[in-house]
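As structure tokens, the structure follows; a few thoughts come after it.
FYI, it's all coordinate maths here, none of it is from the lab. Bear in mind that the values here come from a model prediction, so they are computed numbers and not experimental data. Note: ideal-geometry Cβ built from the backbone for every residue, glycine included; neighbour counts use all protein chains shown.
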Amino acid sequence: MDARYQIDDTSQIISPGMIIFKDLLEDNLRKMLELVGDSNRLRPHCKTHKMREVIALELSLGIIKHKAATFAEAEMLADVGVKDICLAYNLVGPNIARAVEFRKRWPDVSLQVTADHPTPIEQLGEAMSAAGVEIEVLLDLNTGQNRTGVEVGEAAVELYQMIANTPGLIAAGLHVYDGQNHQVDFQEREAAVLAVWNDVSRLRDQLITEGLSVPRIVAGATGSFPIFAKIDDPDIEVCPGTCVLHDVGYGQLFPDLKFTPAALVLTRVISRPGPDRITFDLGYKAIASDPAMEDRCRFPDLPDAKAVLQNEEHLVVMSQRANEYQPGDELLAIPRHVCPTSALHKSVTVVSGGKVVDHWNVAARDRFISV
């Protein structure tokens, strides 16, 4: 057992249960700050952890700008005291009315949302104007992932002009998510990120030339944020997410990022169905199932374990050491994808110095709190 993952007494921890190793979490936060250098240029994404207590730790370190993907996350941030929130999600349907309610409930919070199409822009402006409030809007750019956003070009200029000219809306800058940049080789990733930046910076300069304000560029993801952070431009705000807790997937994709997994799942053996098989209480209701079967988690103390079956409450692995394990035995598993894993748990057990010191609610695991 890695000493960093020591838990002196697990007898009261129900499995499968997510464990936050607070000392490692705090170390990851410090490393994140060191990579950026200036907390004013840092806007971490809370979608990875969804916990008030992690936000409080970040605020204590001077990290005052934050990013969210849902209104539940944005509400959690506002409740903890964050005054500058980027809700990086294009608003449609009832979310437009929720944005109005949010602005009324937290008038002292700077809330930026994203948009990439004329119809929601128009609808959002009408709703804000009717309510007598305003909201900041970032133009969402498609940098190559082809998930959301408008490509850099004249259409982007026209949409930004529309935002700036729509009553109830404030043109607040550009949203630049480059989730496609997962190159393992750092130099290849750096070249891809800088190519994205060259296009974005030209667009920004064109908008300014046409008399439009571009106060911020919310850019990057976990794999690219150190690269964006090195660019000498005060308007860039970088947005790491996963590295706060870290996981197996990003550890493999980005070996240059020296973060440590701080969120593991405690699991127990519940059956030995064959001489080379172990069944854990680690179904896909406890650990993310979006990675391939064999890559859903890693057991530090059973490195040869190969997952062969997962159901709602069971994970079956093959191992040459299966005969060493009996029902009730415990292992810790590192998720390959920690962000959806945290959303599967209502609360987490917090360990520091080997001791259970707290329990934190995963406050924003649902899409609705009150707004």
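Things to note:
- With contacts taken as Cα pairs under 8 Å and at least 6 residues apart, the chain reaches a relative contact order of 22 percent.
- DSSP loop GluC sites (Glu not before Pro) with at most 16 other Cβ within 10 Å excluded, longest remaining stretch of the chain: 1-133
- Between N181, N95, N323, the residue with the greatest mean-square fluctuation in the GNM of the chain (Cα pairs under 10 Å linked by springs) is N323.
- Cross-link pairs beyond the 19 Å C-alpha cut-off, checked among K306/K355; K22/K355; K47/K67; K31/K230; K22/K50; K22/K65: K306/K355; K22/K65
- Considering only the chain, percent of DSSP beta bridges that pair antiparallel, nearest 5: 45
- In this simple spin-label approximation, Q320 and S352 carry label points 7 Å from Cα along the Cα→Cβ vector, and these lie 4.2 nm apart.
- Taking only the C-alpha atoms of the stretch 226-271, Rg followed by Dmax gives 15.6, 56 Å.
- Centre separation in Å (Cα based) which lies between the stretch 28-46 and the stretch 214-263: 8
- Its relative contact order, with pairs defined as Cα atoms under 8 Å and 6+ residues apart, puts the stretch 62-155 at 22 percent.
- Here E312 and Q12 are evaluated by their C-beta separation; at R0 = 22 Å the FRET efficiency comes out at 0.35.
- Only one item in (1) 0.96; (2) 1.01; (3) 0.98 matches Rg/Rh (Cα atoms, Kirkwood Rh) derived from the coordinates shown, and that item is (2).
- Each helix, a run of at least 4 DSSP H residues, gives -39500 (n - 2.57); summed and divided by the residues of the chain, these come to -9500 deg cm²/dmol at 222 nm.
- Residue list for the stretch 158-199, given a label point 7 angstrom along the Cα-to-Cβ vector of S129 and an amide N cut-off under 15 Å: 162-171
- The stretch between A97 and F186 holds 27.8 nm of extra length on full extension. This uses 0.36 nm per residue minus the Cα-Cα distance.
- Dipole size of the stretch 219-310 about its Cα centre, with +1 on Lys/Arg Cβ and -1 on Asp/Glu Cβ: approximately 600 debye, rounded to the nearest 20.
- Volume per residue that the Cα convex hull of the stretch 32-141 spans, once the total is divided by residue count, Å³: 98
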